[in-house]
Amino acid sequence: MPSAQSKPRVVIDTNLVLSALVFLQGRLSPLRLAWQGAHFKPLVSTVTAAELIRVLAYPKFKLSTEDQQELLGDYLPYCTSVRMPVKLPATPDCRDKFDLPFLQLAITGKADFLVTGDQDLLSLAGNFVCPIITADEFIKTLNNDH
């Protein structure tokens, strides 16, 4: 657990970031307010940032290029970019290969938490270098620190 003066380093999966950005009054709005208020440091890699950019462009969200840029500007500037090594770290076996970049980022970035709603990731919770928790659990953790 980070000390009182250091902010937790946190990997947040794409779906949660997307929900926090797109649904301003949604249940994940406290997550967005917490990263904006510098209550934690979101970690990104080129792969996880590219995934967010790709998903924001999905037609179902009906976001213009300007809207996409604005949403990215509401997240990426608050993030700490982690340079991934050429030889990626070993991770626990994961059912979904698209989840691997988040596990690798958490290891390389020395994350204090990996926050996700993904059952494949949550199923690894007891078998990883940092706690893998839901957004609701993470928001409670942040509220307890204040």
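Quick note: the coordinates plus some simple rules give every number you see, no bench work behind them. Computed from a predicted structure; not experimentally measured. Glycine also receives a Cβ, built like all others from the backbone with ideal geometry; neighbour counts cover every protein chain displayed.
Using a Cα distance threshold of under 17 Å, what count of lysine pairs results for the chain when pairs must be 8 or more residues apart or interchain?
The number of close lysine pairs in the chain is 7.
Run the helix sum for the chain: -39,500 (n - 2.57) per DSSP H stretch of 4+ residues, divided by residue count, reported at 222 nm to the nearest 500 deg cm²/dmol.
My calculation for the chain gives -11500 deg cm²/dmol from helical runs alone.
So between Asp74 and Asn144, what do we pick up on full extension, going 0.36 nm a residue minus the alpha carbon distance?
Length difference between fully extended and current span is 22.7 nm.
Could you go through the stretch 14-29 in sequence order and give the Karplus-derived ³J(HN,Hα) for each residue, using 6.51 cos²θ - 1.76 cosθ + 1.60 with θ = phi - 60°, rounded to whole Hz, and x for Gly and Pro?
With the stated coefficients, the stretch 14-29 comes to 4, 4, 6, 4, 4, 4, 5, 7, 7, 9, 4, 9, x, 5, 9, 4 Hz.
Just how large is the dipole of the chain about the Cα centre, in debye to the nearest 20, putting +1 at every Lys and Arg Cβ and -1 at every Asp and Glu Cβ?
It comes to approximately 260 debye.
To the nearest 0.05, what FRET efficiency results for Thr134 and Ser29 with a Förster distance of 22 Å applied to their C-beta separation?
Using R0 = 22 Å, I get an efficiency of 0.90.
Could you work out the relative contact order of the stretch 11-71? I mean the mean sequence separation of Cα pairs under 8 Å and 6+ apart, divided by the number of residues, in percent.
31 percent
With every atom except the alpha carbons ignored, what do you get for Rg and Dmax of the stretch 1-93, in angstroms?
Answer for the stretch 1-93, Rg first and Dmax second: 14.3, 42 Å.
Got the relative contact order for the chain handy, in percent, Cα pairs under 8 Å and 6 or more residues apart?
Here the relative contact order equals 29 percent.
Only Cα pairs within less than 10 Å get springs; with that Gaussian network setup on the chain, which residue of Ile12, Ile132, Ile53 has the largest fluctuation?
The residue that fluctuates most here is Ile53.
Please work out the Kirkwood hydrodynamic radius for the stretch 90-137, using every pair of different C-alpha atoms, and report it in angstroms with one decimal place.
10.6 Å
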